[in-house]
Each structure stands twice: as C-alpha cells, then as structure tokens.
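Peer 1: Here it is, the structure in full.
What follows is calculated from the coordinates using simple rules that are stated; it is not laboratory data. What you see is a predicted model; the values in this text were computed from it and never measured. Here the Cβ is made from the backbone with ideal geometry for all residues, glycine too, and neighbour counts use every protein chain on show.
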Amino acid sequence: MSDVQNSSDERIKVELFDPPMCCAGGLCGPAIDPALLRVSEAVLKLRKERGIIVQRYLLQQQGQKFTENRKVKELLQEHGTDILPVTVVDGDVVKTGAFPSYEELADRVAAAEASLT
C-alpha cells in the first residue's frame, strides 16, 4: 500500500456486474462454481489487504445499476448478457465474460492506486 493515506473519496472502487445467478454471490446449492468461489475469495482478500471498496451487483436484483453505468449498459446492448460478468475498476472496464483472478484484480487495483499519487 502506498505511503499516502487515501481519504474515503480516493479509495479504489471495484464493481462486479454479475450474470444472473440463483443467489447473491452464487455460492449456494449443491454444486458451487469454483470461479465464483475464487472471485469471492479475491474480493475478500483485496478488501482486507488494500481497503478497497467492492460492490457486486446482480442483474435480476439490481438491474438499475447495470443501466446507470454507461459502459456496462453499452456492453449489454451490444452483446447481451453473454458479456457478463463485467469487472469495473475505478470506472474502467477491465474484464468481461469471466471473473478476474486475484492477480488480475490486484494488478488493476495497484495501477489505479498509482494513478492517485
């Protein structure tokens, strides 16, 4: 983490626009998708290590968030729900069609943090 303490307004924000799932986070039922488990663990680790803000949105429960984000809305209009999940770091779409790994998220968060200094 940088020597500069970020105010709450300068904290990095990660948004995950999830595909339709049976429950929040998709970690339910008898067969949990390993990709969902990995992204949940990555999010928890980044929150703990870096103090970032992470928001996850479910299409069927928070559809308004998908239309409020211009870039996500355009991706959905062009590609449909096959483009989901969409990962956004500080307003920039960084991955579509699959959940990012911890390393991918950490690299994007580090780049966003570097741009704050």
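Peer 1: With the cut-off at 1.5 for a/c, could you classify the range 31-103 from its C-alpha gyration tensor as rounded, prolate or oblate?
Peer 2: Prolate, because a/c is 1.5 or more and a/b exceeds b/c.
Peer 1: Normalising by the residue count of the range 37-94, find the relative contact order in percent from Cα pairs under 8 Å and 6+ residues apart. Please list the in-between numbers first.
Peer 2: Numbers: 21 pairs, mean separation 8.8, N = 58.
Across the range 37-94, relative contact order equals 15 percent.
Peer 1: Something else: Enumerate the amide H contacts of residue 93 below 5 Å, restricted to partners 5 or more residues apart or on another chain; note that Pro and chain-start residues carry no placed amide H.
Peer 2: Amide H to amide H, under 5 Å and 5 or more residues apart or across chains, residue 93 pairs with nothing.
Peer 1: Could you go through the range 74-86 in sequence order and give the Karplus-derived ³J(HN,Hα) for each residue, using 6.51 cos²θ - 1.76 cosθ + 1.60 with θ = phi - 60°, rounded to whole Hz, and x for Gly and Pro?
Peer 2: Running phi through 6.51 cos²θ - 1.76 cosθ + 1.60 with θ = phi - 60° gives 5, 4, 5, 5, 7, 10, x, 6, 5, 6, 6, x, 10 Hz.
Peer 1: Still on this model: Using Cα positions and a limit of under 19 Å, work out the aspartates and glutamates in reach of residue 65, with same-chain residues fewer than 8 apart set aside.
Peer 2: The qualifying aspartates and glutamates are 15, 18, 74, 78, 82, 90, 92.
Peer 1: Ok, one more. Applying the Karplus parametrisation 6.51 cos²θ - 1.76 cosθ + 1.60 with θ = phi - 60° to the phi angles of the range 45-59, what ³J(HN,Hα) value in whole Hz is obtained for each residue in order, glycine and proline being reported as x?
Peer 2: So the Karplus estimates, Gly and Pro as x, are 5, 5, 4, 5, 6, 10, x, 6, 8, 10, 10, 10, 10, 9, 4 Hz.
Peer 1: Extension gain residue 70-residue 114, at 0.36 nm per residue separation less the Cα-Cα distance, in nm?
Peer 2: Numbers: separation 44, 0.36 × 44 = 15.84 nm, distance 2.47 nm.
Length gained between residue 70 and residue 114: 13.4 nm.
Peer 1: Between residue 10 and residue 77, what is the spin-label point distance in nm, taking each point 7 Å from the Cα along the Cα→C-beta axis?
Peer 2: Spacing of the two 7 Å Cα→Cβ label points: 3.6 nm.
Peer 1: Another question about this same structure. Enumerate the amide H contacts of residue 54 below 5 Å, restricted to partners 5 or more residues apart or on another chain; note that Pro and chain-start residues carry no placed amide H.
Peer 2: The answer is 14.
Peer 1: Then there's this: Could you work out how far apart the two model spin labels at residue 53 and residue 35 are, taking each label as a point 7 Å from the Cα in the direction of the beta carbon, and quote it in nm?
Peer 2: About 2.8 nm, to one decimal.
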